[in-house]
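Engineer: Before we start, here is the structure in question, set down as structure tokens.
What follows is calculated from the coordinates using simple rules that are stated; it is not laboratory data. Here the structure is a predicted model, which is why all the values come from computation and not from measurement. Ideal geometry is used to build each Cβ from the backbone, glycine not excepted, and the neighbour counts take in all protein chains shown.
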Amino acid sequence: MRWLYCPQADESQQVWFKRNFHMNEPAAKAVLSIASEGRYIVYVNGYNISSDLFFSNPRGTIGVRDYDITHYLDEGTNTIAVWYSPNYQSRRQLYATVIGEWQSGGRMYLSSEEGLLCRPANARTLPDGTEVIDGPAYLSD
């Protein structure tokens with residue numbers, strides 16, 4: 001497992017991670033596992049699949065959560081996006097995998113280590129846990 005971080009962002013910035021991938025056939029089962037020390041929201045093909053407003057771990061701990069994304073995936077191009085906000089300064093921001101089975105019976109495996117795009121969001125988390133949003137930065141994206 002290799003922890004991911006956005007090299008363009010400092011340790012207080014919130015980050016968008018995104019991965020596009022192609023499926024030649026439907027999935028029989030697909031589970032997305034996310035490991036993180038921070039807060040995050042997960043989107044699959046534009047749908048917020050997180051069960052809460054955002055998932056958060058106690059400060060300094062790593063949390064792992066599984067999401068059944070089978071019914072959110074389509075044949076063709078799919079997108080998984082994660083908005084990430086640090087709980088404190090750390091370069092261990094995110095790790096994600098999709099494990100499952102194709103309807104034809106083969107195994108499916110997709111790692112966040114390959115082909116992941118990232119960019120800083122227009123917000124940062126301060127050491128006291130408060131959030132600062134830069135509105136003009138959002139408008140320029």
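Engineer: Under the 0.36 nm per residue contour assumption, what length would be gained going from the current alpha-carbon distance of T61 and K29 to full extension?
Structural biologist: Length gained, T61 through K29: 8.6 nm.
Engineer: With each pseudo-label sitting 7 Å past Cα toward Cβ, what's the R119-H22 distance in nm, one decimal?
Structural biologist: Distance between label points: 2.3 nm.
Engineer: At 0.36 nm per residue, minus the direct Cα-Cα distance, what do N48 and D134 gain on full extension? Give it in nm, one decimal, please.
Structural biologist: Extra length from N48 to D134 when fully extended: 28.6 nm.
Engineer: Compare the peptides 40-49, 124-133 by average per-residue count of other Cβ atoms within 10 angstrom and give them in order, highest first.
Structural biologist: Numbers: 40-49: 16.3, 124-133: 11.1.
Averaged packing, sorted descending, gives the order 40-49, 124-133.
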